[in-house]
Amino acid sequence: MKIRITTLAALAVAASAGMAQAGTLEKVRSAGVLACGVSEGVPGFSNPNSEGRWEGLDADICRAVAAAVLGDAGAVRFVPLSSKQKVLAVSSGQVEMTSRTTTWTMKRDGAEGVDFTQVIFFDGQGFMVRAESGITSAKELDGGTVCVTTGTTTELNLADFARAQNIQVEAVVFDGKREAVEAYMTDRCDALTTDASQLASFRISFSNPSAHTILPNLISKEPLAPLVAHGDNNWKDIVSWTIYGLIAAEELGITSANVDDMAANSANPDVQRLLGSSVDSGNFVGLGATWMKDAIAAVGNYGEIFDRNLTRPLGLERGLNAQWKDGGLMYAMPIR
Amino acid sequence: MSFKSKTRSTAWGGQSMGAVLVQAAVLGLVLSGVYVLFQNTQANLQDRGIESGFAFLGHEAGLPIGDSLIEYDPTRSYGYAFLVGILNTLLVSAIAIILSTILGILIGVARVSSNWLLAKMAAIYVEALRNIPLLLTLIFVYTVVIGSLPHPRDPISPMDGVYLTKRGVFVPRPVVEDGFQIFLLATVIAAAMAASFWIWARNHKRTTGRSVPGFLGGLALFTAITTLAFFASGSPVGVEVPAYRGLNFAGGLTLKPEFVSLVTGLVLYTAAYIGENVRSGIASVHPGQIEAANALGVSSGIVTRLIMLPQALRVTIPATTNDYASLVKNSSLAVAIGFPDMVSIGGTIIGQNGQAIEIIAMWMAVYLTINLLISVAMNFLNSRVQIVER
């Protein structure tokens, strides 16, 4: 089933004759909808709720871009992608962007026909074990079994970690996250490994979260960033600056609640530029003057998005994802 | 309109010039279409900065593989990792083909049995397994049957050294010790003696008409000699018994849950189809043939072996060829339960390199090769059992 979609995507690369080279913006505008690749279900990042509405940090980034480009945060067609489809779907032009817990790596950026835009979540790979197992460090997994998802950097990091620590770890590799989690739940594996934020997100969905421990060791850097097809610089600018806009909005104290008021009354030149009240900043990347006003009104600033999707439901701390002023790594380039 | 023109034949197997031209034109169109697609793909890949070609197969793979027939570690190349996948696919297919053939024959014979209960149970088996998607059967076996086994800490041990757990089935591994070569030599001699006895028995029957149990006699001879040799050479085969250490069993032979589930699912599913082939083969033999043989007083074993089976096989083999081919292709459902077959490992390589076109071409080439080989072998077998008409 998934193989067939991969095949289709490969054929799409073959068939679409330079279509996505330029004019993604025109394509989105004429279609009136943004095709945005998301995960098949990771609570907190992108996951359909009981009414079928996609929720999460990744999904909200899709909405913010749709609002900035089309003025309508609802004009998004969410395309669930598996790990091995996520890069191919965007390089083949099947979707205009992918916002799907994808690690920014040199090889993907350089040799796989995609460009990364801006990090929306700084993560690291961790391990979850059953509390009753008594394991307190990933190094104690020698001789044990670890469930992992295929087509991800996770799989490689696990092999690297075992090699570096000189321990034997049996990896059971699954095609989908759901299968890997289920196998861990049926006790097929001693540990489940993926990005620490996702471990937290899975744990909250278990019937007895406290029976599972996330080990303190992080074995990798996982900067998660949305990606676009290589070759359309303007489109890359649009997605990158929309993300900077959301981060800047938090820094400047603009929220979904006060955005209209700020646009009309703020005396801060940074706010005026961002919301298009003085300088038409959207014009720099080919968008309308109200690009950021629409985006913030729809999904809120970065902090609001983080709080709504990750802090409140999953209990995740801001950590590295705090604003630079607060000791984190979230730093918006100047919008001027 | 003359009679002559209708029967005129040409150099192209009786086709008219016009038909040949049309076919040539269509072929030309298809080939140029393929060429345009190929050029287009190359240009697109280049525009997007996607590497193409098979050079990546030489790069270090770095990915972990849980189940491997040959020695593997992540420092090996992608090409080697793919080879591990091919071998896993072949292993699963070969074992599943053998087991599903055995089970299929049993099911097929049971379906035509005069025992009402046996026939009904076989019928229910066939209908149930054929009408449930294989994927569901696989997931059921994997999560429910294997998943309900205990943790290695507290295993089910039906006999000494054999442990059933949800981390796999652990059995003792035979280990070769001193004196094994003597035993091996004795085995070869015993096999030769058994074969010569069998050939002698056949000749004896041909020349004198007296039946000597050549096969059974040969088997008895072989068993007796090898057993004697085994003890005479000091029982040169030891066992390595699996033992629980830390988190799992170590030592011995391990059958991973993914492997067991995949083979079980494939066997259960394919046996239902093979059972139907066997049933229809048996049903195709005219009852008069059996009745005639019975009337001559021939023993029922010989009736089955020399009258029923040869005729039933003519119907059974071609249909079973298809089922073997399906089984090989169905083994790709391994991705759903985490068995590292060729498709699963290839998928990982796509995820890490984005070189889907190359991997998909390799998948197709391997499946095509395996299935063509199966087809050739089965066609050979089929040609042996067809009635020779004069």
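Residue-by-condition table, conditions (1) assigned to a loop (DSSP other than H, G, I, E, B); (2) modelled with pLDDT of 95 or more:
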position	(1), (2)
A:254	yes, yes
A:264	no, no
A:276	yes, no
A:282	no, no
A:289	yes, no
A:292	no, yes
A:311	no, no
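Determine, yes or no, whether residue B:52 is of a type outside the set (Asp, Glu), more than 8 Å from every other protein chain (Cβ to nearest Cβ), open to solvent by 30 Å² or more (accessible area, probe 1.4 Å) and touching a Gly at 6+ places or on another chain (Cβ under 8 Å).
Details: of a type outside the set (Asp, Glu): yes; more than 8 Å from every other protein chain (Cβ to nearest Cβ): yes; open to solvent by 30 Å² or more (accessible area, probe 1.4 Å): yes; touching a Gly at 6+ places or on another chain (Cβ under 8 Å): no.
Answer is no for this residue.
Out of the stretch A:313-333, which residues are outside any helix (DSSP H, G or I) and open to solvent by 50 Å² or more (accessible area, probe 1.4 Å)? Working first, answer last.
In the first step, residues of the stretch A:313-333 are kept if they are outside any helix (DSSP H, G or I); the result is A:315-318, A:322-323, A:327-333.
A:315, A:317, A:318, A:327, A:329, A:331, A:333, listed by residue number.
Being aliphatic (A, V, I, L, M) and surrounded by 14 or more Cβ atoms within 10 Å (Cβ to Cβ) is the filter; apply it to the stretch B:153-183 and report the residue that is farthest from the other protein chains (Cβ to nearest Cβ).
Filtering the stretch B:153-183 for residues aliphatic (A, V, I, L, M) gives B:156, B:159, B:162, B:164, B:169, B:171, B:175-176, B:182.
Those still in the list that are surrounded by 14 or more Cβ atoms within 10 Å (Cβ to Cβ) too: B:162, B:164, B:169, B:171, B:182.
On the way: B:162: 20, B:164: 14, B:169: 14, B:171: 17, B:182: 37 Å.
Here the answer is B:182.
Return the pair list, or none, for Cβ contacts closer than 7 Å from residues in the stretch B:99-113 that are touching a residue at least 60 places away in the same chain (Cβ under 8 Å) to residues that are of a type in the set (D, E, K, R) and open to solvent by 70 Å² or more (accessible area, probe 1.4 Å), at least 6 apart or on different chains.
That search, which allows pairs on different chains as well, returns B:108/B:279; B:111/B:279; B:112/B:279.
Do we find that residue A:278 is farther than 21 Å from residue A:60 by Cβ, crowded, with 19+ Cβ neighbours inside 10 Å and without any contact (Cβ under 8 Å) to a residue 24 or more places away in the chain in this structure? Spell out how you get there, then give the answer.
On the way: farther than 21 Å from residue A:60 by Cβ: yes; crowded, with 19+ Cβ neighbours inside 10 Å: no; without any contact (Cβ under 8 Å) to a residue 24 or more places away in the chain: yes.
So residue A:278 fails the test.
If you scan the stretch A:96-113, which residues turn out to be buried (at least 22 other Cβ atoms within 10 Å of the Cβ) and under 15 Å from the mean Cα position of the chain (by Cα)?
Within the stretch A:96-113, the subset buried (at least 22 other Cβ atoms within 10 Å of the Cβ) is A:96-102, A:108, A:112-113.
Answer for the stretch A:96-113, where residues must be buried (at least 22 other Cβ atoms within 10 Å of the Cβ) and under 15 Å from the mean Cα position of the chain (by Cα): A:96, A:97, A:98, A:99, A:100, A:101, A:102.
Got a number for residues in the stretch B:298-317 being surrounded by fewer than 15 Cβ atoms within 10 Å (Cβ to Cβ) and part of a helix (DSSP H, G or I)? If you could, list the steps in order and put the result at the bottom.
Step one: of the stretch B:298-317, the residues surrounded by fewer than 15 Cβ atoms within 10 Å (Cβ to Cβ) are B:298-302, B:305-306, B:310.
Now narrow it down to the ones that are part of a helix (DSSP H, G or I): B:300-302, B:305-306, B:310.
The total comes to 6.
Condition first: at the interface with chain A (Cβ under 8 Å from one of its Cβ atoms), under 27 Å from residue B:146 (Cβ atoms) and not in a loop (DSSP other than H, G, I, E, B). Now tell me which residues in the stretch B:324-362 satisfy that.
Step one: filter the stretch B:324-362 for residues at the interface with chain A (Cβ under 8 Å from one of its Cβ atoms), giving B:332, B:335-338, B:340, B:343-344, B:347-348, B:350-354, B:356-357, B:360.
Checking the rest, the ones that are also under 27 Å from residue B:146 (Cβ atoms) come to B:332, B:335-338, B:340, B:343-344, B:347-348, B:351.
If the condition is that a residue be at the interface with chain A (Cβ under 8 Å from one of its Cβ atoms), under 27 Å from residue B:146 (Cβ atoms) and not in a loop (DSSP other than H, G, I, E, B), then B:332, B:335, B:336, B:337, B:343, B:344, B:347, B:348, B:351 are the ones that fit.
Can you name the residue in the stretch B:55-71 that is among the acidic types (Asp, Glu) and without any contact (Cβ under 8 Å) to a residue 60 or more places away in the chain and is also surrounded by the most Cβ atoms within 10 Å (Cβ to Cβ) among such residues? First the steps, then the outcome.
So in the stretch B:55-71, the residues among the acidic types (Asp, Glu) come out as B:60, B:67, B:71.
Now narrow it down to the ones that are without any contact (Cβ under 8 Å) to a residue 60 or more places away in the chain: B:60, B:71.
Details: B:60: 12, B:71: 8.
Here the residue is B:60.
Residue by residue, here is whether (1) touching a Ser or Thr at 6+ places or on another chain (Cβ under 9 Å); (2) modelled with pLDDT of 90 or more holds:
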| site | (1), (2) |
| --- | --- |
| B:18 | no, no |
| B:63 | yes, no |
| B:68 | no, no |
| B:101 | yes, yes |
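Condition (residue is under 24 Å from the mean Cα position of the chain (by Cα), open to solvent by less than 20 Å² (accessible area, probe 1.4 Å) and within 30 Å of residue B:48 (Cα to Cα)) applied to the stretch A:187-198: is it met by at least one residue?
Within the stretch A:187-198, one or more residues are under 24 Å from the mean Cα position of the chain (by Cα), open to solvent by less than 20 Å² (accessible area, probe 1.4 Å) and within 30 Å of residue B:48 (Cα to Cα).
Among the residues of the stretch A:172-194, what is the count of those that are under 16 Å from residue A:219 (Cβ atoms) and facing another protein chain (nearest Cβ under 8 Å)? Don't jump to the end; show me each part of the working.
Kept after step one, since they are under 16 Å from residue A:219 (Cβ atoms), are these residues of the stretch A:172-194: A:190-194.
With facing another protein chain (nearest Cβ under 8 Å) added as a condition, the list becomes A:190.
Number satisfying all stated conditions: 1.
Would you check which residues across the stretch A:153-171 are touching a residue at least 24 places away in the same chain (Cβ under 8 Å), more than 8 Å from chain B (Cβ to nearest Cβ) and over 25 Å from the mean Cα position of the chain (by Cα) and list them?
A:165, A:167, A:168
Of A:65, A:95, which residue is at pLDDT 95 or above, under 15 Å from residue A:239 (Cα atoms) and either hydroxyl-bearing (Ser, Thr, Tyr) or part of a loop (DSSP other than H, G, I, E, B) (or both)? Break it down into steps so the answer makes sense when it comes.
Values: A:65 fails: either hydroxyl-bearing (Ser, Thr, Tyr) or part of a loop (DSSP other than H, G, I, E, B) (or both).
Within the list A:65, A:95, the selection yields A:95.
Considering each of A:51, A:40, A:26 in turn, give the residue that is open to solvent by 10 Å² or more (accessible area, probe 1.4 Å), at negative phi, within 14 Å of chain B (Cβ to nearest Cβ) and not aliphatic (A, V, I, L, M). Working first, answer last.
On the way: A:51 fails: within 14 Å of chain B (Cβ to nearest Cβ); A:26 fails: within 14 Å of chain B (Cβ to nearest Cβ).
On inspection, the qualifying residue turns out to be A:40.
Given the options B:282, B:307, B:290, B:302, name the one that is of a type in the set (Val, Ile, Thr) and within 24 Å of the chain's Cα centre (by Cα).
On the way: B:307 fails: within 24 Å of the chain's Cα centre (by Cα); B:290 fails: within 24 Å of the chain's Cα centre (by Cα); B:302 fails: within 24 Å of the chain's Cα centre (by Cα).
Answer to the check: B:282.
Can you pull out every residue in the stretch B:59-69 that is closer than 20 Å to residue A:155 by Cβ and more than 7 Å from chain A (Cβ to nearest Cβ)? Give the derivation first.
Taking the stretch B:59-69 and keeping what is closer than 20 Å to residue A:155 by Cβ, we get B:59-68.
Once the filter is applied, which keeps residues that are closer than 20 Å to residue A:155 by Cβ and more than 7 Å from chain A (Cβ to nearest Cβ), the stretch B:59-69 yields B:59, B:60, B:61, B:65, B:67, B:68.
Counting just the residues of the stretch A:124-152 that are in a helix (DSSP H, G or I) and surrounded by 23 or more Cβ atoms within 10 Å (Cβ to Cβ), which one comes out farthest from the chain's Cα centre (by Cα)? Let's see the steps before the verdict.
Filtering the stretch A:124-152 down to residues in a helix (DSSP H, G or I) leaves A:131-133, A:138-141.
Remaining after also requiring surrounded by 23 or more Cβ atoms within 10 Å (Cβ to Cβ): A:138, A:141.
On the way: A:138: 26, A:141: 29 Å.
Selected residue: A:141.
What about residue B:85, is it in contact (Cβ under 8 Å) with a residue 24 or more places away in the chain, in a helix (DSSP H, G or I) and within 30 Å of residue A:106 (Cβ to Cβ)?
Values: in contact (Cβ under 8 Å) with a residue 24 or more places away in the chain: yes; in a helix (DSSP H, G or I): yes; within 30 Å of residue A:106 (Cβ to Cβ): yes.
Yes.
Do you know which residues across the stretch A:174-186 are open to solvent by 10 Å² or more (accessible area, probe 1.4 Å) and among the hydroxyl-bearing types (Ser, Thr, Tyr)?
Restricting attention to the stretch A:174-186, the residues satisfying the condition of being open to solvent by 10 Å² or more (accessible area, probe 1.4 Å) are A:175, A:177-179, A:181-182, A:185-186.
Correct list: A:186 only.
So, restricting to helices (runs of 4 or more DSSP H) that lie completely within the stretch B:188-297, which ones have at least 1 residues that are hydroxyl-bearing (Ser, Thr, Tyr) and exposed (fewer than 14 other Cβ atoms within 10 Å of the Cβ)? It would help to see each step written out before you state the result.
Values: elements: B:214-232, B:257-283, B:287-295.
Those helices (runs of 4 or more DSSP H) span B:214-232.
Looking at (1) closer than 29 Å to residue B:246 by Cβ; (2) buried (at least 21 other Cβ atoms within 10 Å of the Cβ), which is the one condition that is false for residue A:238?
Only one criterion in (1) closer than 29 Å to residue B:246 by Cβ; (2) buried (at least 21 other Cβ atoms within 10 Å of the Cβ) is unmet by residue A:238, namely (1).
Only residues that are acidic (Asp, Glu) and under 20 Å from the mean Cα position of the chain (by Cα): list them for the stretch B:337-390, please.
At the first step, the residues of the stretch B:337-390 found to be acidic (Asp, Glu) are B:341, B:358, B:389.
Within the stretch B:337-390, B:341 is the sole residue that qualifies.
The values are calculated or read from the model by the stated rules, or taken from the named source; none is laboratory data. For clarity, every value in this text was computed on a predicted model and none was experimentally measured. Here the Cβ is made from the backbone with ideal geometry for all residues, glycine too, and neighbour counts use every protein chain on show. Just the protein is used for accessible areas: all its heavy atoms, side chains included, with ligands, DNA and RNA removed. Shrake-Rupley method; radii C 1.70, N 1.55, O 1.52, S 1.80 Å.
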